[in-house]
Amino acid sequence: MNNTVFKFEIPQNESIAAYGPRSNSRLKLEKEIAFLLSAKTEIPLIIGGKEVRTGNLGSVVMPHNHKHILATYHKAGKQEISEAIAAAMDAKNKWMSLSWVERASISVKAAELISVKYRHLLNAATMLGQGKNVHQAEIDAACETIDFLRYNAYFASQIYSDQPRSGFDQLNRLEYRPLEGFVFSVSPFNFTAIASNLNMAPVIMGNTTVWKPATTSLLSNYILMKIFQEAGLPDGVINFIPGEGSLIGSEVIKHKDLGGIHFTGSNKTFNFLWKSVGENIEKYKSYPRIVGETGGKDFIIAHPTAIPAQVATAIVRGSFEYQGQKCSAASRAYIPISLWNEIKVNILRQMSDIKVGPPTDFSCFVNAVIDKKSFDNCMKYINLAKNDPQVEIIVGGEGDDSKGYFIQPTIIVTKNPHFTTMEEEIFGPIMTIYIYEDSDFIEVLTLCDSTSPYALTGAIFSTDRYAVVDAMEHLKYAAGNFYINDKPTGAMVGLQPFGGSRKSGTNDKAGGPLNLLRWVNPRTIKETFVPATDFKYPFLKS
Ligand code: NAD
């Protein structure tokens with residue numbers, strides 16, 4: 001019997017390991033890289049806790065060396081999809097009836113397993129499979145995953161303790177039931193931590209999930225699934241089904257017990273999921289809760305009072321870390337003409353030091369983009385820029401996919417603030433800059449607000465407080481995460497809850513308690529101690 005009223009304290013964010021040459025962590029990581037390179041992992045489905053092999057195989061290759069098969073995986077067919085839903089539904093009652101402290105203890109145990117036992121394996125898989133350098137892998141696969149798992153226990157404890165007032169005559173309670181049915185978690189390739197949280201956030205609140213991972217991140221995602229099991233996650237609470245997105249999506253969405261969708265990925269996929277829910281709306285027991293974080297066209301605006309070296313560094317880091325494949329990556333900038341020359345010289349100096357190559361070469365700041373589709377997409381935009389007289393490529397503009405999908409970090413300068421690369425999400429290492437007259441600062445804020453359909457992240461650089469306030473005011477709805485004198489990437493769990501609106505998603509703020517509230521279906525319980533025995537109120541008496 002557990003009759004304690006337990007409270008998880010607010011955690012510290014996980015420390016970021018440096019991986020300096022000959023450090024202990026570097027040596028351990030290199031060992032795991034060598035292991036994964038030679039292992040050719042076989043990835044089964046995991047349904048109701050059991051490994052399932054369909055024999056319908058696909059391959060996971062490395063972005064920096066696409067001939068190397070890192071893993072093979074079994075694809076789900078219709079039968080396995082329906083088994084996964086049944087397993088999630090079977091596991092639901094026992095899981096939701098378990099004390100939330102027991103559920104949270106599995107979350108914090110998984111965090112500790114990653115921190116001390118599987119950190120280097122998970123980082124190595126993220127480096128090789130998703131093409132991240134060691135620092136990018138560490139801040140994602142290790143630190144952010146751990147932070148989500150630990151903070152969610154704290155957020156859950158806050159939510160459960162939030163109760164209405166009672167009186168001598170009545171007792172009022174709010175019961176935070178999980179959603180009815182199962183949650184469909186659909187994860188993107190670019191963050192191991194997001195894949196974890198898309199499942200573990202609903203799960204800590206008592207839900208069970210059917211998880212469709214992205215094929216290109218399967219190796220790290222499979223390792224995550226094994227870690228959750230080792231942490232004590234009961235069978236059927238998360239059901240891991242790799243395979244074709246379109247097949248899995250259309251099968252799952254038409255199920256009557258769909259309780260919610262937890263999605264991160266492109267607008268195209270999210271629109272498909274939302275429309276399909278609409279088409280199936282008559283079938284469901286409840287209106288499914290839809291949470292989706294999608295694309296971005298994230299900006300940096302420099303005011304004439306900005307410090308050029310800070311703006312240049314924000315552009316280089318914000319645009320090119322992880323090859324611009326963060327939803328928050330800077331991809332358009334507005335620079336005043338008075339600062340442009342100094343900022344340009346500084347950017348070009350910094351970029352001349354950037355090495356592009358495989359993540360196994362620790363001196364490479366930029367690695368390969370995720371796959372052929374992404375490579376072709378980046379080259380399409382670069383070629384558009386090469387053929388337009390209104391724009392100039394000042395650095396980069398080349399790609400080579402003979403061995404890996406490498407795109408040179410590219411900066412386009414445009415005279416047209418509505419040039420395609422100022423408006424559309426590219427999701428690669430391409431930044432477009434528009435130079436404005438210093439006196440047009442306020443007009444540029446309006447221009448920035450109306451240029452792209454997205455509203456995820458953005459940054460203002462200025463040493464003038466009035467200009468900062470003008471930017472915050474004019475760009476109120478242009479970004480869900482707004483930065484003052486910082487690059488628009490690198491949100492940390494618990495510190496900067498993350499998400500944007502407009503075409504960037506439902507803005508349910510992963511990394512904060514608001515997201516967890518989306519996975520509950522509260523019930524209010526009022527108990528009256530001495531109920532009335534006559535319908536007549538005093539005012540009825542003559
Ligand atoms: P994607 O939409 O191509 O894929 C996301 C997931 O959806 C994958 O698992 C994929 O297999 C699956 N999928 C594809 N079609 C499906 C269908 N019909 N039914 C069900 N599932 C389907 O996105 P991606 O390329 O993996 O990720 C990149 C995108 O994610 C970018 O647009 C980026 O901005 C966005 N993103 C947003 C955030 C955020 O917080 N806003 C964070 C990370 C990534």
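The values are calculated or read from the model by the stated rules, or taken from the named source; none is laboratory data. Computed from a predicted structure; not experimentally measured. Don't worry about glycine lacking a Cβ; one is built from the backbone with ideal geometry, like all the others, and counts go over all protein chains shown. To get the accessible areas, we keep the full protein, side chains included, count just its heavy atoms, and leave off ligands, DNA and RNA. Shrake-Rupley method; radii C 1.70, N 1.55, O 1.52, S 1.80 Å.
Contact map, segment 423-438: residues that are touching a residue at least 12 places away in the same chain (Cβ under 8 Å) and closer than 22 Å to residue 317 by Cβ paired with residues that are of a type in the set (Phe, Trp, Tyr) and open to solvent by 50 Å² or more (accessible area, probe 1.4 Å), Cβ distance under 7 Å, separation 6+ or inter-chain. No pairs are found.
Residues in segment 234-254 that are open to solvent by 10 Å² or more (accessible area, probe 1.4 Å) and of a type outside the set (Lys, Arg) were compared, and the one that is nearest to the ligand (Cβ to nearest atom) is 245.
Of everything in segment 507-517 that is at negative phi and buried (at least 20 other Cβ atoms within 10 Å of the Cβ), the residue that is nearest to the ligand (Cβ to nearest atom) is 510. So, in segment 518-542, of the ones that are of a type in the set (Ser, Thr, Tyr) and part of a loop (DSSP other than H, G, I, E, B), which residue ends up surrounded by the most Cβ atoms within 10 Å (Cβ to Cβ)? Across segment 518-542, the extreme among qualifying residues is 537. Of the candidates 37, 29, the single residue that is within 25 Å of the chain's Cα centre (by Cα), over 30 Å from residue 155 (Cα atoms) and not in a strand (DSSP E or B) is 29. Screening residue 317 with (1) within 16 Å of the ligand (Cβ to nearest atom); (2) in a helix (DSSP H, G or I) gives one miss only, at (1). Residues to consider are 304, 358, 288; find the one that is in contact with a His (Cβ under 6 Å, 6 or more places away or on another chain) and not charged (D, E, K, R). The match here is 358. Checked against the criterion of being touching a His at 6+ places or on another chain (Cβ under 9 Å) and either within 16 Å of the ligand (Cβ to nearest atom) or open to solvent by 40 Å² or more (accessible area, probe 1.4 Å) (or both), the candidates 283, 297 yield just one match: 283. So is residue 383 over 27 Å from residue 266 (Cα atoms), free of Cβ contacts under 8 Å to residues at least 12 places away in the same chain, among the polar types (S, T, N, Q) and surrounded by fewer than 17 Cβ atoms within 10 Å (Cβ to Cβ) or not? Taking the combined requirement at face value, the residue does not satisfy it. Answer yes if at least one residue in segment 392-415 is part of a helix (DSSP H, G or I) and either crowded, with 18+ Cβ neighbours inside 10 Å or in contact with a Gly (Cβ under 7 Å, 6 or more places away or on another chain) (or both), and no otherwise. So far as segment 392-415 goes, no, none of its residues is part of a helix (DSSP H, G or I) and either crowded, with 18+ Cβ neighbours inside 10 Å or in contact with a Gly (Cβ under 7 Å, 6 or more places away or on another chain) (or both).
Scanning segment 96-108 turns up at least one residue that is surrounded by fewer than 23 Cβ atoms within 10 Å (Cβ to Cβ), at pLDDT 95 or above and in contact with a Pro (Cβ under 7 Å, 6 or more places away or on another chain).
Take segment 496-506 and flag every residue that is touching a Lys or Arg at 6+ places or on another chain (Cβ under 8 Å) and more than 10 Å from the ligand (Cβ to nearest atom).
Passing the criteria: only 497.
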